[in-house]
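Only one structure is covered here, and it is reproduced in the block below.
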Amino acid sequence: MTTDLLCDIRNKVFIAIAIQSLIVFALALVFLFLQGAMAFFSVILGAISWFLPSIYFICKLFIIKPQQQIIPQKFVNNLYIGEVIKLVLSGILVIIFLGFTDVLVLPFLIGYIAAVLSLWVLPIFLLNKR
């Protein structure tokens with residue numbers, strides 16, 4: 001795997017996260033009009049609970065030094081370690097937001113689930129676009 005390939009993958013992943021963010025923001029706007037500002041912020045915080053750890057994971061996995069040798073076994077190990085860290089950070093954010101803020105639980109969970117589902121579904125649409 002070359003550094004150019006990893007940079008290309010990283011850029012595509014950041015574009016996907018931007019699209020996912022727009023989808024969740026549109027959902028939050030629906031909640032804003034239907035249930036008010038607190039529901040809007042709850043959806044946003046639910047999505048942030050997934051997006052922030054995901055962005056950390058992408059940065060940790062795909063930021064490499066120029067001319068750095070990429071060892072496939074090390075890359076796969078970093079993938080697994082990064083995924084575990086991402087899940088733990090996401091869980092911590094969910095506990096913090098639900099336990100220490102006045103969010104509405106249902107909109108929060110809908111925002112979180114929408115962020116997770118968009119991560120799973122968006123690549124299918126992007127791959128079919130070709």
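Once the piece of chain linking Phe75 and Asp8 is laid out straight, how much longer is it, given 0.36 nm per residue of separation minus the C-alpha distance between them?
Here the answer is 22.5 nm.
Could you check the spin-label model distance between Ile92 and Ile63? Points 7 Å from the Cα along Cα→Cβ, value in nm.
If labels sit at Ile92 and Ile63, their model points lie 1.7 nm apart.
Please report Rg (one decimal) and Dmax (integer) in Å for the Cα set of the chain.
Both quantities, over Cα of the chain: 16.6, 52 Å.
Which of Phe25, Ile63, Val43 sits closest to the plus end of the dipole of the chain, meaning its Cα is farthest towards the positive end, when Lys and Arg get +1 and Asp and Glu get -1 on the C-beta?
Ile63
Using r as the Cβ-Cβ distance of Thr101 and Phe33, and R0 as 22 Å, what FRET efficiency do you calculate, to the nearest 0.05?
Given R0 = 22 Å and the Cβ-Cβ separation, E is 0.50.
Ratio of alpha-carbon Rg to the 2.2 N^0.38 Å globular estimate for the stretch 21-65, to two decimals, please.
1.47
Since every read-out is calculated from the coordinates, none of them should be taken as a lab result. On a predicted model such as this, the values are computed, not experimentally measured, just so you know. We place every Cβ from the backbone using ideal geometry, glycine too, and count neighbours over all the protein chains shown.
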